[in-house]
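Written below as structure tokens is the structure these notes are about.
The values are calculated or read from the model by the stated rules, or taken from the named source; none is laboratory data. The structure presented is a predicted model; accordingly, all values stated were derived computationally and were not measured. Cβ sites come from the backbone with ideal geometry, for glycine too, and all protein chains shown count toward neighbours.
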């Protein structure tokens, strides 16, 4: 056997070994990935309403509108408010809302955010103690996902730091895990994971309640993990992290 032939065989064998190694690492990562049963975006929110009944005489916002603190939302005209003001039961300076014309409450945004739901429109009668609208607080969007894990998987998940969230448009967003809660039963850990990322809304396209897919790659402390780390370091040029 000539030396050129031997070199071809050695190069071919090395290529096969490298391919097998890469495929093994890929398969190992897929085996260690757990997928959520269901997931959804969630955010802090608050409702706008009052214990006064009346007619909604002004509507300044609609679902999807973004607001800043202090922006006007609605104005509610109430005969009961007029009576309470006249009798001294309520003083405008003590009211949570701005009072105008001695019979009208003006609702304003408490925080920056987005109007998600409007239950009553201008001209409608609003019963007392009824929400008029719901607003989502800005910069509080997160994702919660439910997983069914074996005890060994749950133990590894406690060490995980990132959850991959796939939005309805197919965009995959890495989100930092901020909280893990569990309910054990039948040798299965029913686990809820919360994670946060700046790009979850995809520039405002998605809000609270949007269904998403979630997956977590569990850490590996075995031989393949050491091999993967070695390959990564060998393939990373010096001076780069």
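Of the strands (runs of 3 or more DSSP E) contained entirely in the range 43-134, those carrying at least 3 residues that are in contact with a strand residue (DSSP E or B) (Cβ under 8 Å, 6 or more places away or on another chain) and closer than 27 Å to residue 196 by Cβ fall at 45-50, 113-118. The combined condition, being farther than 21 Å from residue 209 by Cβ, out of contact with any helix residue (DSSP H, G or I) (no Cβ under 6 Å at 6 or more places or on another chain) and either touching a residue at least 40 places away in the same chain (Cβ under 8 Å) or assigned by TED's automatic domain parsing to the domain that holds residue 191 (or both), is fulfilled by residue 124.
Only residues that are free of Cβ contacts under 8 Å to residues at least 60 places away in the same chain, farther than 16 Å from residue 38 by Cβ and surrounded by 13 or more Cβ atoms within 10 Å (Cβ to Cβ) were counted in the range 190-207, giving 4.
Residues are listed down the side, and each one gets a yes or a no for (1) surrounded by 15 or more Cβ atoms within 10 Å (Cβ to Cβ); (2) assigned by TED's automatic domain parsing to the domain that holds residue 125:
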position: 38; (1), (2): no, no
position: 56; (1), (2): yes, yes
position: 78; (1), (2): yes, yes
position: 96; (1), (2): no, yes
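Can we say residue 182 is in contact with a strand residue (DSSP E or B) (Cβ under 7 Å, 6 or more places away or on another chain), in a strand (DSSP E or B), free of Cβ contacts under 8 Å to residues at least 24 places away in the same chain and surrounded by 12 or more Cβ atoms within 10 Å (Cβ to Cβ)? So residue 182 does not fit the description; no.
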